[in-house]
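This report refers to the structure that appears directly beneath it.
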Amino acid sequence: MMCSLAAVAAVVYTDMRFVEPNWLGLGVHRVPLLPAGSERIRILQISDLHASDDVPLDFIEHAVELGLQQKPDVVCLTGDFITLRWDEWNAYSRILERLSKIAPTFGTTGNHDGGESLVSRGGYHRPTKVIEMLEKANVRVLMNASCNVALPHKNPFELVGFGDLWSNDFVPGELLSPRSEKIPRIVMSHNPDTKDDIERSDWDLMLSGHTHGGQLTLPWGSTPFAPVKDKRFVRGLHQWQNHWLHITKGIGSMRNMRLNCFPEISMVELVPMA
């Protein structure tokens, strides 16, 4: 009996440590936000890259290549580019620049990119190095800022990016005031729990990561280790109140372990309303 249990544990550990973290997939979701007759807008969302000894740059580049194959109109990078410290900034920047060369690319930071709570663990006090790397890759960083995105022959939309909730960089200000022009308003915020602070504000869709999809999903679907208060929204597309939420499972993970929760890049397509 003990031998059987040990064999099962060995199989599960092998899958969790060496198989699932490297089995990168593609999630596709459609959100009806555009006027009838509009051309769809394809948003590539990549999150939680977690560059580290556990998640090498070649795996991140693999995710970028898969994203490029989807021919996105816009790219949104939603935080946690590193786990703690990092040295290969130029190489990292060159990989992400492949995205900005083919589509307007925007980013915001996550709790692992810099914050006071990370210093005791060897991380950065502020996300300055990550922001510099992104800017070098021609990624427009939206930290409590917004911009209108105008694509050729497609409907415009507004993109709002927030700083990370756990890092105390989330400062909504007046960014989500009632719109004078009714175009879709999309929010990038690393942590999906941000939704509770902006529940009554004027926005349509929030793109988040942070959860790694739960990372370790128990056989009955429970995700007890997801680092969020609201465990109803750990991955996938959801309607909540009068908003949409999309939480991608991300491509990296802590300790590079996943169980019943493969990594992914995500295509979020804005499509016409019925």
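Taking region 230-274 on its own, how many of its residues are in contact with a strand residue (DSSP E or B) (Cβ under 6 Å, 6 or more places away or on another chain) and of a type outside the set (D, E, K, R)?
Residues of region 230-274 that are in contact with a strand residue (DSSP E or B) (Cβ under 6 Å, 6 or more places away or on another chain), as a first pass: 233, 235, 237-238, 244-249, 259, 262, 264-273.
Filter again for of a type outside the set (D, E, K, R), leaving 233, 237-238, 244-248, 259, 262, 265-268, 270-273.
Result for region 230-274: 18.
For the subset of region 164-197 comprising residues that are more than 17 Å from residue 210 (Cβ to Cβ) and among the charged types (D, E, K, R), which member is modelled with the lowest pLDDT? Of everything passing the filter in region 164-197, 181 is modelled with the lowest pLDDT. Here is a list: 130, 141. Which entry is modelled with pLDDT of 95 or more, closer than 27 Å to residue 269 by Cβ, surrounded by 14 or more Cβ atoms within 10 Å (Cβ to Cβ) and under 19 Å from the mean Cα position of the chain (by Cα)? Just a single option satisfies the conditions, and that option is 141. Evaluating residue 201 against the criteria (1) over 18 Å from residue 107 (Cα atoms); (2) in contact with a Phe, Trp or Tyr (Cβ under 6 Å, 6 or more places away or on another chain) leaves one unmet condition, (2).
Checking each residue in region 56-99 for being without any contact (Cβ under 8 Å) to a residue 12 or more places away in the chain and part of a loop (DSSP other than H, G, I, E, B) picks out 56, 87.
Restricted to region 140-187, and to residues that are among the charged types (D, E, K, R) and outside any strand (DSSP E or B), which residue is nearest to residue 111 (Cα to Cα)? Step through it out loud before you land on a result.
Within region 140-187, the subset among the charged types (D, E, K, R) is 140, 154, 158, 164, 169, 174, 179, 181-182, 185.
From what is left, the residues that are outside any strand (DSSP E or B) are 154, 164, 169, 174, 179, 181-182.
Values: 154: 34, 164: 6, 169: 9, 174: 23, 179: 29, 181: 33, 182: 32 Å.
The residue in question is 164.
Taken over region 31-49, the criterion of being surrounded by fewer than 24 Cβ atoms within 10 Å (Cβ to Cβ) and either part of a helix (DSSP H, G or I) or in contact with a strand residue (DSSP E or B) (Cβ under 8 Å, 6 or more places away or on another chain) (or both) is satisfied by 31, 32, 33, 34, 35, 36, 37, 38, 40, 41, 42. Cβ separations smaller than 9 Å between residues 6+ apart or across chains give the following pairs from region 29-53 residues that are within 26 Å of residue 212 (Cβ to Cβ) and free of Cβ contacts under 8 Å to residues at least 24 places away in the same chain to residues that are buried (at least 20 other Cβ atoms within 10 Å of the Cβ) and not hydroxyl-bearing (Ser, Thr, Tyr): 53/256.
Report yes if residue 102 is touching a residue at least 12 places away in the same chain (Cβ under 8 Å), out of contact with any His (no Cβ under 8 Å at 6 or more places or on another chain), within 30 Å of residue 68 (Cβ to Cβ) and of a type in the set (A, V, I, L, M, F, W, C), otherwise no. So that I can check it myself, show each step before the final result.
Working: touching a residue at least 12 places away in the same chain (Cβ under 8 Å): yes; out of contact with any His (no Cβ under 8 Å at 6 or more places or on another chain): yes; within 30 Å of residue 68 (Cβ to Cβ): yes; of a type in the set (A, V, I, L, M, F, W, C): yes.
Answer is yes for this residue.
Checked against (1) within 14 Å of residue 79 (Cβ to Cβ); (2) in a helix (DSSP H, G or I); (3) touching a Leu at 6+ places or on another chain (Cβ under 7 Å), residue 133 passes all but a single condition, namely (3).
The values are calculated or read from the model by the stated rules, or taken from the named source; none is laboratory data. Since this is a predicted model, take the numbers as computed values, not measurements. As a convention, Cβ positions derive from the backbone with ideal geometry for all residues, glycine included, and neighbour counts pool all protein chains shown.
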